[in-house]
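Okay, structure first, notes after.
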Amino acid sequence: KNPKRVTDRTKAWYKSKFRNKPDFTTEEKRDNKLKKELGIEFHDYFEEIHSRYFNKDGTRREFISPRPVIQDAKKASVYAKLETYYTDLIAEFSKNGRNPLVFSEIMIYDPQAKEAGTIDLLIVDEDGKSHIYDWKFMSIAKQATDVAWFKQGAYDIQLGTYKKILKNYYGVNDIGKIRAIPISLQLQRENFQNSRSPLRFTGI
């Protein structure tokens, strides 16, 4: 009951690196709240997409169910982009007649550390090799050439812990790809001349 979360490790990592960082302003908290809500919503999109292609036991569905109707044009575009990425990814693991098991939102648990986590996408090849994917919806500065170092450090901790739990408690002997997939949220100020103006979502 109420286990620790693997993501608690990443929170501790951030805290250790930014001990003297001032508290977020009211505007920053508002912006972060929007980013979090969008991340949760689009994670759900990935889970819904997966459920149209695969059964809960990881096997492929005989028939792909239709795409849901999303009234918001921007979010409908997001869904389409995520579905294209998802199907292209699965196709890579299905070449030459391969037929992997694919699981979404898989909860795992370390009974010794009493620590739980959720793997966004777990792909298991026919030979048992397992691949871990984690979706990271984030805002990325226009001038940035890569994800910030402190986020990379946090992702290494999170995914490394998932790998350890799978190997120690789930009989997974061979781990293949371990990927945190950054998905850039396109956000603009409602009033571009005011840095404190609320953000609005325009796409990914």
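Quick notes on this one:
- For the pair Phe24 and Asn96 in one chain, pulling the backbone fully straight at 0.36 nm per residue adds 20.8 nm over the alpha carbon distance.
- Straightening the chain between Ala141 and Tyr170 buys 6.6 nm, computed as 0.36 nm per residue apart minus the Cα-Cα spacing.
- Between 0 and 90 degrees, the angle of helix 6-17 with respect to the longest Cα principal axis of the chain falls at about 40 degrees.
- For Leu185, distant residues with modelled amide H under 5 Å away: Met138, Ser139, Ile140
- Once the C-beta distance of Lys177 and Asp72 is scaled by a Förster radius of 30 Å, the resulting FRET efficiency is 0.40 to the nearest 0.05.
- Glu48-Glu190 pseudo-label distance in nm [points 7 Å out on the Cα-to-Cβ vector]: 2.5 nm
- Computed over the chain with a Gaussian network model linking Cα atoms closer than 10 Å, the most mobile of Arg30, Arg19, Arg179 is Arg19.
- Helix 73-92 and the longest principal axis of the C-alpha atoms of the chain enclose an angle of approximately 40°.
- Under 12 Å, Cβ to Cβ, from Gly203 - net charge with Lys/Arg +1 and Asp/Glu -1: +3
- Residue ranges 35-41, 154-160 sort as 154-160, 35-41 when ordered by packing (mean number of other C-beta atoms within 10 Å per residue, highest first).
- Computed from the C-beta positions of Asp125 and Arg9 and an R0 of 35 Å, the FRET efficiency is 0.80 to the nearest 0.05.
- Subtracting the Cα-Cα distance of Trp149 and Ile106 from 0.36 nm times their residue separation leaves 12.8 nm of extension gain.
- Ranked by the mean number of other Cβ atoms within 10 Å per residue, highest first, peptides 73-86, 182-195 order as 73-86, 182-195.
- Rounded to whole Hz, the Karplus (6.51, -1.76, 1.60) HN-Hα couplings of the range 186-193, x for glycine and proline: 8, 10, 9, 6, 4, 10, 4, 8
- Per residue accessible area in Å² of the chain, where ligands, DNA and RNA are left out and the probe is 1.4 Å: 63 Å²
- The angle between the Cα long axis of helix 149-169 and the longest principal axis of the Cα atoms of the chain comes to about 30 degrees, rounded to the nearest 10.
- Residue-wise HN-Hα coupling along the range 54-71, computed from phi with Karplus coefficients 6.51, -1.76, 1.60 (Hz; x: Gly, Pro): 10, 7, 5, 7, x, 7, 6, 6, 5, 10, 7, 6, x, 5, x, 8, 10, 5
The values are calculated or read from the model by the stated rules, or taken from the named source; none is laboratory data. Because the structure is a prediction, the values reported are computed rather than measured. Here the Cβ is made from the backbone with ideal geometry for all residues, glycine too, and neighbour counts use every protein chain on show. Heavy atoms of the whole protein, side chains included, go into the accessibility calculation; ligands, DNA and RNA do not. Shrake-Rupley method; radii C 1.70, N 1.55, O 1.52, S 1.80 Å.
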